[in-house]
Amino acid sequence: MRKKHHHKKKVSSTKKWSAKFHLWLGLSVGIIVFIVSLSGTLYVFKDEIQNSLRKEAIYLKKEDIGKKPLSINLLREKVTLELNEKYPVSAVEIPLDKNKSYQFEYYDKSKKGWNYFQQVHINKLVYVNQYTGQILAVYDEKYDVFNILKYIHWGLLLNSEWGPYTVGIPTVIFVIMLITGIILWWPKNKNARKGRFWFNWENVKNWKRKNYDLHNVLGFYASFIALLLSITGLYFAYPYVKNTFTFALSGSWELPKEKERKSPDSLIAKNEAVFDLAAAQTQKLYAKSSSFRITLNGKNKKGKELKNLPVTVYGMDGRYSERNILTFDKYSGKLLANKPHHNLNTAEKYSNANYDIHTGSYFGIIGKVIWFIAGLTCTSLPVTGFLVWWGKRKKKGKKI
């Protein structure tokens with residue numbers, strides 16, 4: 001009898017401390033969890049919505065298809081002259097589907113500034129008919145609602161160096177809240193389980209009870225996906241989380257670094273058709289892929305000068321998990337290296353897939369729907385949790 005009594009006391013103590021942690025941590029980061037969850041949820045169907053709204057710019061007219069595409073250099077010059085931006089065109093994404101237009105990108109960013117709008121100088125996407133050179137549409141991605149949602153979710157629109165910490169720290173706290181929430185939800189016995197898996201509101205009229213059940217039941221179902229979302233988010237925010245994953249998957253603390261290859265043709269005159277040569281070879285090697293991206297300004301997204309010409313090949317439309325990397329000589333267009341997705345180690349494959357897992361796109365449209373529902377639930381948890389606390393607070397106030 002004493003042993004049973006001791007066991008009950010221990011469980012009660014665990015739940016008591018879990019309740020305290022759950023409450024005070026929730027009150028401290030609730031508003032940030034609400035903002036991050038809502039912005040992430042609204043971002044889930046970004047590709048589907050944008051593809052629908054930009055349909056006329058993405059898909060070409062039948063009469064143009066079948067002609068030979070103009071050279072990438074010529075198309076770049078047309079875009080440069082027409083838009084007259086002070087920044088150079090940074091990249092082009094070329095679809096393997098001949099019915100789709102080319103996408104030329106302007107992107108320039110600095111570390112200066114305390115917020116997203118000050119740091120990003122330009123981020124424009126230009127849809128071009130590759131057969132005629134006609135500019136079909138220009139979208140200012142810097143002010144696009146989905147891009148703003150992305151950077152709210154990433155760092156509350158704050159400086160990219162320290163902004164992610166303003167979200168990362170509350171995310172760590174949210175993980176603790178999810179664990180303590182599961183402990184609080186866990187039923188003492190079989191009879192107590194009945195009311196934990198679904199709503200039993202047949203004779204319940206009190207809004208406080210209904211609100212408590214919403215927090216309790218929905219929180220339980222969403223908690224496991226919410227844990228996955230939180231951990232994949234922390235993978236982006238903190239290098240030590242990424243390094244831990246890398247070590248667990250490959251036995252090394254860091255991902256393999258790309259070897260810097262010196263251009264063997266650096267002394268010869270630059271071939272003006274270097275981008276077209278790289279594009280032609282890429283299409284031959286990865287004919288079944290979705291699209292590929294060629295850097296045009298000789299710099300990476302951090303502004304560092306590139307010694308060669310990298311080409312990133314995407315295996316599936318709307319996903320980044322299957323990526324193949326080609327390296328070409330930037331003077332002659334000669335292929336220097338080919339790093340296909342299937343040759344990557346497990347840690348590298350996971351690194352490529354983390355974004356898709358975080359957004360749900362890794363699991364297709366069904367995954368996105370589940371992620372969207374889980375995101376809505378996570379958005380509601382700070383609200384229903386606050387109302388639970390407020391209801392108890394008012395009740396205690398009346399007694400006093």
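The values are calculated or read from the model by the stated rules, or taken from the named source; none is laboratory data. A quick note: this is a predicted structure, and the numbers were derived from the prediction, not measured. We place every Cβ from the backbone using ideal geometry, glycine too, and count neighbours over all the protein chains shown. The accessibility values were calculated without ligands, DNA or RNA, using every heavy atom of the protein model including side chains. Shrake-Rupley method; radii C 1.70, N 1.55, O 1.52, S 1.80 Å.
Couple of notes before you dig in:
- Residue count for the range 278-306 satisfying the condition of being of a type outside the set (A, V, I, L, M, F, W, C), surrounded by 14 or more Cβ atoms within 10 Å (Cβ to Cβ) and over 21 Å from Lys109 (Cβ atoms): 7.
- Among the numbered conditions (1) over 21 Å from Ala287 (Cβ atoms); (2) modelled with pLDDT under 95; (3) crowded, with 18+ Cβ neighbours inside 10 Å, the only one that Gly333 does not meet is (1).
- Among the residues making up the range 301-330, a single one is modelled with pLDDT under 90 and in contact with a helix residue (DSSP H, G or I) (Cβ under 6 Å, 6 or more places away or on another chain): Gly318.
- Exclusive hit being modelled with pLDDT of 85 or more, surrounded by 15 or more Cβ atoms within 10 Å (Cβ to Cβ), farther than 24 Å from Thr41 by Cα and hydrophobic (A, V, I, L, M, F, W, C), set Leu178, Leu229, Leu249: Leu249
- Phe220 modelled with pLDDT under 90, open to solvent by less than 40 Å² (accessible area, probe 1.4 Å) and of a type in the set (A, V, I, L, M, F, W, C): yes
- Any chance Asn343 is surrounded by fewer than 20 Cβ atoms within 10 Å (Cβ to Cβ) and either at pLDDT 90 or above or out of contact with any Gly (no Cβ under 8 Å at 6 or more places or on another chain) (or both): yes
- Flag for Val313 being without any contact (Cβ under 8 Å) to a residue 60 or more places away in the chain, open to solvent by less than 80 Å² (accessible area, probe 1.4 Å) and in contact with a strand residue (DSSP E or B) (Cβ under 8 Å, 6 or more places away or on another chain): yes
- Enumerated helices (runs of 4 or more DSSP H) restricted to the range 1-100, each holding at least 3 residues that are of a type outside the set (S, T, N, Q), surrounded by 14 or more Cβ atoms within 10 Å (Cβ to Cβ) and at pLDDT below 90: 2-43
- Residue that is nearest to Lys46 (Cα to Cα), among those in the range 124-147 that are in contact (Cβ under 8 Å) with a residue 12 or more places away in the chain and in a helix (DSSP H, G or I): Phe146
- Of the residues making up the range 131-145, those that are touching a helix residue (DSSP H, G or I) at 6+ places or on another chain (Cβ under 8 Å) and within 13 Å of Glu82 (Cβ to Cβ) are Gly133, Ile135, Leu136, Ala137, Val138.
- Restricting attention to the range 362-376, the residues that are buried (at least 23 other Cβ atoms within 10 Å of the Cβ) and closer than 22 Å to Asp213 by Cβ add up to 2.
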